[in-house]
Structure formats: C-alpha cells, structure tokens
1. Which of the residues belonging to the range 53-66 are buried (at least 24 other Cβ atoms within 10 Å of the Cβ) and in contact with a Lys or Arg (Cβ under 7 Å, 6 or more places away or on another chain)?
2. What are the residues in the range 31-57 that are part of a helix (DSSP H, G or I), within 21 Å of F126 (Cα to Cα) and not hydroxyl-bearing (S, T, Y), if any?
3. Please go through the range 138-162 and pick out each residue that is surrounded by fewer than 19 Cβ atoms within 10 Å (Cβ to Cβ) and of a type in the set (A, V, I, L, M).
4. Could you say whether any residue in the range 9-16 is of a type in the set (K, R), assigned to a loop (DSSP other than H, G, I, E, B), surrounded by fewer than 24 Cβ atoms within 10 Å (Cβ to Cβ) and modelled with pLDDT under 95?
5. Hey, does the range 107-125 have a residue that's more than 17 Å from H61 (Cβ to Cβ) and among the basic types (K, R)?
6. Within the range 79-87, can one find any residue that is surrounded by 22 or more Cβ atoms within 10 Å (Cβ to Cβ) and farther than 23 Å from L112 by Cα?
7. So, G143, is that one at pLDDT 95 or above and not hydrophobic (A, V, I, L, M, F, W, C) or not?
8. Filter the range 101-137 down to residues that are touching a residue at least 40 places away in the same chain (Cβ under 8 Å) and farther than 17 Å from L51 by Cβ and give me whichever is surrounded by the most Cβ atoms within 10 Å (Cβ to Cβ).
Amino acid sequence: MKANNNKNKFTTRDLVMCGVLMALTTVMTIVVQIPVVGSSGYVNMGDSVVLFTALYLGRKHGAAVGGLGSALADIISGYAVYAPLTFITKGLEGYICGLISQKISGTKGNILGTLAGGIIMVSGYFIGEIFMFGMKASMAAIGPNAIQATFGIISALIIYAGVKKAIKN
C-alpha cells in the first residue's frame with residue numbers, strides 16, 4: 001500500500017483507504033473507553049489512527065478520518081452530544097497535523113505536526129466543554145485528554161515509521 005504522491009487529491013484508492021481508516025478510528029475509539037471522572041467524556045485510542053492518517057495521506061485525509069470516524073464513534077457509543085464538537089476538533093487535529101508535516105519535511109515535521117494536532121485536540125475539547133458543561137468539567141478533562149494526545153502522538157509516530165520502512169522494502 002503506497003500513499004498518494006499528491007497528498008491534496010483524493011483518488012479512488014485514497015477514498016477506500018480513508019473509509020477503512022475511518023472505520024478503524026471508530027473501532028479504536030470504541031474498544032478502549034476509559035471514563036473521565038468529573039466529565040461526560042472518555043479517553044480512547046482513536047487519535048493514533050487520526051494522526052497516522054494525517055502523516056501518511058495528508059491534511060485533507062486526516063481531517064476526514066478524524067472528523068467523521070471520531071464523530072461516528074461518539075454517536076455509536078452513546079456520546080452523541082459530543083459528536084459536533086468531536087467532528088470539528090478531530091477534523092482540525094488531522095488537518096493541522098497533516099498540514100505541518102507536509103510543510104516541514106522529515107521527522108521534525110512529523111513530530112511538530114503530531115504535537116500541534118494533540119494540542120488542538122486538548123484545547124478544542126477544553127473550549128467546547130466549557131460551553132457544554134462548564135469550566136469545572138472542562139478543566140477536569142484536560143489531564144485525561146493530554147494523556148490521550150500523548151499516547152496518540154507517540155503511537156502514530158511509531159506506526160508511521162514502521163509503515164514507511166515496510167513500504168521501502
């Protein structure tokens with residue numbers, strides 16, 4: 001499986017890969033759900049797939065997989081109240097990660113892109129939850145969201161490096 005050289009265009013192959021990665025994002029979000037005390041949310045593993053997609057396929061693909069795959073997981077899991085916030089936040093997470101990794105080549109761009117994506121995820125939920133549940137609940141979720149972002153960043157970088165190495169061989 002080789003990534004599209006033009007990371008801004010959707011080919012049929014990219015659409016299929018995005019569909020599979022959206023489904024994987026949904027599954028990885030649903031399979032591990034650790035409830036956040038003092039909040040209505042949960043920690044999950046979906047960010048790994050969102051950030052990997054952004055690195056591998058680019059910003060538009062990362063945004064689609066992040067927004068749609070993660071929002072679908074919220075709806076299926078009974079957290080539909082989060083779906084609009086998730087769609088925007090995870091879509092931006094994937095888009096910004098992909099954008100930075102495309103603009104700054106190599107490992108440095110990948111690290112900066114995933115870090116920016118993680119920061120967007122944590123800050124997006126923080127801001128959104130203030131309006132949804134108030135400052136106290138929003139602040140309670142910062143730590144768990146930061147842990148989720150950190151896990152997503154590290155695992156996406158490892159998976160991306162492994163996939164790139166496997167493709168070269």
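1. The answer is G58, G66.
2. Step one: list which residues in the range 31-57 are part of a helix (DSSP H, G or I), which gives 31, 46-57.
Cutting the leftovers down to within 21 Å of F126 (Cα to Cα) gives us 46-48, 50-51.
Scanning the range 31-57 gives G46, D47, V50, L51.
3. To start, the set of residues in the range 138-162 that are surrounded by fewer than 19 Cβ atoms within 10 Å (Cβ to Cβ) comprises 139-140, 142-143, 146-147, 150-151, 154-155, 158-159, 161-162.
Selection gives M139, A140, I142, A146, I147, I154, I158, I159, A161.
4. Yes, the range 9-16 contains at least one residue that is of a type in the set (K, R), assigned to a loop (DSSP other than H, G, I, E, B), surrounded by fewer than 24 Cβ atoms within 10 Å (Cβ to Cβ) and modelled with pLDDT under 95.
5. Yes, some residue in the range 107-125 is more than 17 Å from H61 (Cβ to Cβ) and among the basic types (K, R).
6. Filtering the range 79-87 for residues surrounded by 22 or more Cβ atoms within 10 Å (Cβ to Cβ) gives 82, 86.
Filter again for farther than 23 Å from L112 by Cα, leaving 82.
Scanning the range 79-87 turns up at least one residue that is surrounded by 22 or more Cβ atoms within 10 Å (Cβ to Cβ) and farther than 23 Å from L112 by Cα.
7. Values: at pLDDT 95 or above: no; not hydrophobic (A, V, I, L, M, F, W, C): yes.
It is false that G143 is at pLDDT 95 or above and not hydrophobic (A, V, I, L, M, F, W, C).
8. Pass one, the range 101-137, residues touching a residue at least 40 places away in the same chain (Cβ under 8 Å): 101-102, 110-111, 113-114, 117-118, 121, 125, 128-129, 132-133, 136-137.
Subsequent filtering for residues that are farther than 17 Å from L51 by Cβ retains 128-129, 132-133, 136-137.
Values: G128: 17, E129: 25, M132: 17, F133: 17, K136: 11, A137: 16.
So the residue we want is E129.
The values are calculated or read from the model by the stated rules, or taken from the named source; none is laboratory data. Since the model is a prediction, treat every value here as computed from it, not as a measurement. Don't worry about glycine lacking a Cβ; one is built from the backbone with ideal geometry, like all the others, and counts go over all protein chains shown.
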